[in-house]
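What follows is a single structure, written as structure tokens, with notes after it.
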Amino acid sequence: MTDATRQTLLGSLPTSFDTGPEWLRALRGRAAEALREQGLPTKRTEAWRFTPVRSVVSAEFSRDDRGVPSLASSLPEGVTARSLRQVLQAEPELLEGRLDLGGAPTHFAALNTALFSDGLWIDVPAGTIVERPIELTHAIPTSSDSSVVYPRVLITLGDNAELTLIETYAGTEVGPLTNSVVEVDLSCNARMSHARIHENAGLQVGRVDVRQDTDSTYRSTVVTLGGALLRFDVRCMLQGKGAECQLDGAYLVEGDDHVDHHTTVEHQASHCRSAQTYRGIVSGKGTAVFDGLVVVHRDAQKTEAHQENRNLLLSETATVHTKPHLEIDADDVICSHGVTVGALDEDQLFYLRARGIPEDLAHSMLTYAFLESIVDRVSHEPTRARMREALLARMPHREEIRGVT
Amino acid sequence: MSASTEQIDDILEKKYDAGFVTDIEEEYAPPGLSEDIVAFISNKKQEPEWLLEWRLKAYRRWLEMKEPTWAKVSYPKIDYQEMCYYAAPKTNEDAPKSLDEVDPELLATYEKLGIPLHEREILAGVAVDAVFDSVSVATTFRDKLAEVGVIFMPFSEAVKEHPELIRKYLGSVVPVSDNFFSALNSAVFSDGSVVYVPKGVRCPMELSTYFRINAANTGQFERTLIVADEGSYVSYLEGCTAPMRDENQLHAAVVELVAHKDAQIKYSTVQNWYPGDENGKGGIFNFVTKRGLCEGARSKISWTQVETGSAITWKYPSCILRGDDSIGEFYSVALSNHRQQADTGTKMIHLGKNTRSTIISKGISAGHGHQTYRGGVKISRGATNARNYTQCDSLLIGDKCAAHTVPYVDVRNSSSKLEHEATTSRIGEDQLFYCRQRGLSEEDAVSLIVNGFAKQVLKELPMEFAVEAQKLLGVSLEGAVG
């Protein structure tokens with residue numbers, strides 16, 4: 001299904017959209033218009049300052065419509081998973097207002113909105129508690145051809161529903177570009193755990209937008225295992241009183257990898273709580289970027305928001321850019337953020353060495369433990385084990401580490 | 001909280017105490033900015049050809065530059081052609097030799113501000129290079145300083161007496177085209193101070209300049225240059241108040257510090273310019289470029305600032321740590337009340353080995369005040385064993401104020417260690433309760449808590465300033481709790 005003609009990303013935007021329901025055509029039109037106006041990000045775009053995408057913007061890609069995520073597990077009872085394309089054809093009204101949760105999309109998300117051809121809609125009806133996690137696999141085309149895929153996922157949880165989702169983005173080739181958008185809509189008191197694993201994948205730009213109603217809870221754990229160019233944005237909009245979100249992330253950056261994580265939490269209602277904890281290990285000539293933002297709106301009193309980013313720099317040629325920022329427009333809040341960048345703790349190394357552990361193993365143990373503390377916070381045991389394995393697979397001395405943990 | 005709304009409003013509406021205008025005839029340049037005006041200023045100050053060229057170069061660069069918009073401040077567009085770029089008190093024609101010759105009205109101005117020069121001379125042992133509008137009118141203690149070889153004089157004089165010094169260092173830390181406002185300053189700077197401390201000399205007293213903007217519609221463009229030669233030490237104090245005016249006044253100063261091997265510079269500021277009235281009318285626009293270069297090994301530059309005034313503050317005193325083992329410090333208390341907006345912070349650029357920096361920033365936001373901490377810490381590839389510690393806390397008072405924290409951290413060296421932490425909260429009810437229970441009034445309790453919040457910074461100030469700074473915080477914030 002690969003489109004043989006290769007075009008630049010912006011060049012592939014059609015001048016008009018004439019399929020699908022009226023509202024979708026308008027939505028795609030707005031996204032395309034925004035793109036034509038702003039273009040794709042450059043080095044001068046604040047949010048993309050440290051992640052150069054010029055090569056991506058100027059490169060030519062062929063469109064690949066196989067970017068539909070597939071379910072790796074069977075569906076639990078009550079849960080529906082439908083193709084976006086089919087729903088848009090048969091009952092488009094069901095999706096109206098639900099494909100632009102994050103507001104007007106910009107840059108790569110706008111590109112996805114304008115161009116996605118299919119996707120997946122997972123709906124968990126009110127009161128349904130899904131105990132077994134649902135697994136989604138995004139296989140990145142392995143053709144050496146430069147192709148681009150636009151995966152799109154919509155997840156909706158009714159009141160009091162509960163879901164654990166595991167997403168895996170896998171692939172090994174440098175060349176294909178994955179530009180994904182996941183939207184999550186949580187109704188009152190819904191709870192969702194979202195585990196996302198980025199296996200080493202060529203070019204990846206991903207975005208998750210979450211809208212949260214009263215008393216809902218969203219927990220996200222992202223494990224990023226390198227990437228020639230990986231950019232991941234997650235944004236939570238806490239719109240209902242008492243909503244809570246926890247955004248965790250662990251990244252392992254080696255070689256020439258460039259990994260960029262952006263988190264945004266918008267406290268739009270009062271009595272909400274949020275916590276962001278990202279940890280990363282950067283070695284080789286790798287570059288890691290972290291940009292965390294907490295916005296507390298005028299009326300969001302009684303907000304509690306915390307943000308933490310820790311980085312270990314393991315080589316002379318590695319680079320870390322981090323920018324945890326707070327924008328606070330209310331006064332009855334408790335907010336904090338912290339950043340550290342440094343090398344492995346000499347004392348901890350000494351402790352292990354004094355107990356007869358060889359230096360390289362001690363190094364591996366400490367680096368693994370540094371990231372494992374993020375994975376440890378995942379409450380679902382099988383998911384936790386999956387993530388641990390994914391991390392261990394990238395560690396030297398994994399057998400010995402397995403032996404001691 | 002228990003304080004009634006009226007009570008809070010009363011205190012929040014506290015008027016600017018130092019708002020008065022002294023009537024002294026001014027000598028103006030016609031409003032507007034052009035190469036002619038730049039030449040007029042240069043001519044007026046009888047500057048050498050090279051400095052005029054330098055100014056013109058800056059002016060041409062400025063024409064090509066755009067006003068920065070990235071700061072979280074909003075203000076009406078400034079019409080740079082509407083302002084006057086030169087104003088000198090007439091008394092300058094026959095410059096006073098001593099305080100007795102100084103215009104009595106001017107002395108009275110200082111009197112009202114509580115800075116009697118001669119009293120200071122005797123009691124505090126501080127040499128004051130007072131800048132009234134743009135021309136320095138009194139310089140004290142110069143003889144005593146000259147004895148040890150310290151140069152402390154107005155910029156215009158230094159250009160004549162020590163041209164080689166100015167030529168060597170002017171624009172060496174803040175290049176002409178560094179930013180929009182520094183380019184503007186470079187083109188039209190009026191006067192300022194020059195300090196040079198020779199090798200191995202510990203400056204025998206705190207050097208101090210009092211700035212005061214007086215004439216309406218004249219921006220003040222100060223230029224300060226401090227050079228500490230090998231093994232020397234100097235502490236410099238800068239403080240300012242301004243009379244109440246309706247038009248927005250522009251201030252775009254440039255401060256350059258150079259610390260050679262083993263030298264130390266301590267630069268302290270208490271800034272209390274007119275912040276505008278409670279509706280945000282009037283007030284000073286303060287766009288300042290301050291940067292220090294730790295040029296030599298083991299040099300140290302320390303910035304301490306207490307920012308309570310100005311309608312808009314745009315200010316990032318920075319340190320370039322080039323020498324091995326050099327140290328940069330930044331201590332700041334910034335307060336914004338009413339409609340004040342402050343976007344301030346620092347930049348620490350680690351280039352040398354074993355360089356260390358400390359950033360302590362305390363922001364207090366009340367009323368409709370907006371406060372942003374914007375800081376950058378950069379550790380370059382070669383800065384082995386560099387160390388940075390950053391702490392920036394914000395205190396919120398009232399539900400209409402805002403506090404933002406925007407730290408940028410770039411690390412390219414694995415042996416370096418960097419920590420950043422920040423908190424934002426309002427005054428704790430339990431803290432207030434504790435104080436009230438022990439018989440403190442609500443106002444005293446808040447003042448106590450705010451001063452405690454800022455103590456880490458205030459203790460870095462020289463004695464003379466610490467008292468004033470504490471008073472300023474108290475006056476601006478007593479009971480401003482909601």
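The values are calculated or read from the model by the stated rules, or taken from the named source; none is laboratory data. What you see is a predicted model, and the numbers here were worked out from it, not measured in a lab. FYI the Cβ positions are ideal-geometry reconstructions off the backbone, even for glycines, and counts take in every protein chain you see.
Could you tell me which of the residues B:Glu278, B:Glu206, B:Glu222 is buried (at least 23 other Cβ atoms within 10 Å of the Cβ), over 22 Å from B:Leu321 (Cβ atoms) and either hydroxyl-bearing (Ser, Thr, Tyr) or at pLDDT below 95 (or both)?
Going through B:Glu278, B:Glu206, B:Glu222 in turn, the sole match is B:Glu222.
Go through (1) surrounded by 16 or more Cβ atoms within 10 Å (Cβ to Cβ); (2) within 14 Å of another protein chain (Cβ to nearest Cβ); (3) within 23 Å of A:Tyr278 (Cα to Cα) one by one and return the number of the condition A:Asp332 breaks.
Looking at each condition in turn, A:Asp332 falls short on (3).
Which one of these is surrounded by 16 or more Cβ atoms within 10 Å (Cβ to Cβ), of a type in the set (A, V, I, L, M) and touching a Ser or Thr at 6+ places or on another chain (Cβ under 7 Å): B:Val176, B:Val159, B:Val188?
B:Val176
Among the candidates B:Asn388, B:Asn354, which residue alone is of a type outside the set (D, E, K, R) and either facing another protein chain (nearest Cβ under 7 Å) or farther than 16 Å from B:Ser318 by Cβ (or both)?
On inspection, the qualifying residue turns out to be B:Asn354.
From the list A:Ala81, A:Ala47, which one is out of contact with any Cys (no Cβ under 8 Å at 6 or more places or on another chain), within 26 Å of A:Pro176 (Cβ to Cβ) and assigned to a helix (DSSP H, G or I)?
A:Ala47
Using the structure shown, decide if A:Thr224 is at pLDDT 95 or above, under 17 Å from the mean Cα position of the chain (by Cα), of a type in the set (Ser, Thr, Tyr) and assigned to a strand (DSSP E or B).
no
If I go through the stretch B:414-430 residue by residue, how many of them are more than 19 Å from B:Ala366 (Cα to Cα) and in contact (Cβ under 8 Å) with a residue 40 or more places away in the chain?
3
Can you find even one residue in the stretch B:422-429 that is aliphatic (A, V, I, L, M) and either within 26 Å of A:Phe50 (Cα to Cα) or at the interface with chain A (Cβ under 9 Å from one of its Cβ atoms) (or both)?
Checked against the condition, which is being aliphatic (A, V, I, L, M) and either within 26 Å of A:Phe50 (Cα to Cα) or at the interface with chain A (Cβ under 9 Å from one of its Cβ atoms) (or both), the stretch B:422-429 yields at least one hit.
With B:Glu105, B:Glu82, B:Glu101, B:Glu64 as the choices, which residue is acidic (Asp, Glu), farther than 17 Å from B:Asn286 by Cα and modelled with pLDDT of 80 or more?
Result of the check over B:Glu105, B:Glu82, B:Glu101, B:Glu64: B:Glu64.
Tell me, which residue of the stretch A:299-326 that is farther than 17 Å from A:Gln268 by Cα and of a type in the set (Val, Ile, Thr) is farthest from the other protein chains (Cβ to nearest Cβ)?
Result: A:Thr317.
Can you spot a residue in the stretch B:437-450 that is facing chain A (nearest Cβ under 10 Å), modelled with pLDDT of 90 or more and over 19 Å from B:Gln340 (Cβ atoms)?
Taking every residue of the stretch B:437-450 in turn, none turns out to be facing chain A (nearest Cβ under 10 Å), modelled with pLDDT of 90 or more and over 19 Å from B:Gln340 (Cβ atoms).
Scan the stretch A:374-392 for residues that are touching a residue at least 60 places away in the same chain (Cβ under 8 Å) and assigned to a loop (DSSP other than H, G, I, E, B) and jot them down. If you could, list the steps in order and put the result at the bottom.
Step one: of the stretch A:374-392, the residues touching a residue at least 60 places away in the same chain (Cβ under 8 Å) are A:374-375, A:377-380, A:382-383, A:386-387, A:390-391.
A:Arg377, A:Val378, A:Ser379, A:His380 - these are the residues of the stretch A:374-392 that are touching a residue at least 60 places away in the same chain (Cβ under 8 Å) and assigned to a loop (DSSP other than H, G, I, E, B).
Assess whether B:Leu395 counts as being surrounded by 18 or more Cβ atoms within 10 Å (Cβ to Cβ), within 11 Å of chain A (Cβ to nearest Cβ) and touching a residue at least 12 places away in the same chain (Cβ under 8 Å).
yes
Check B:Gln341, B:Gln371 and return the single one that is buried (at least 24 other Cβ atoms within 10 Å of the Cβ), free of Cβ contacts under 8 Å to residues at least 40 places away in the same chain, touching a strand residue (DSSP E or B) at 6+ places or on another chain (Cβ under 9 Å) and within 14 Å of chain A (Cβ to nearest Cβ).
Numbers: B:Gln341 fails: free of Cβ contacts under 8 Å to residues at least 40 places away in the same chain.
Among B:Gln341, B:Gln371, only B:Gln371 is buried (at least 24 other Cβ atoms within 10 Å of the Cβ), free of Cβ contacts under 8 Å to residues at least 40 places away in the same chain, touching a strand residue (DSSP E or B) at 6+ places or on another chain (Cβ under 9 Å) and within 14 Å of chain A (Cβ to nearest Cβ).
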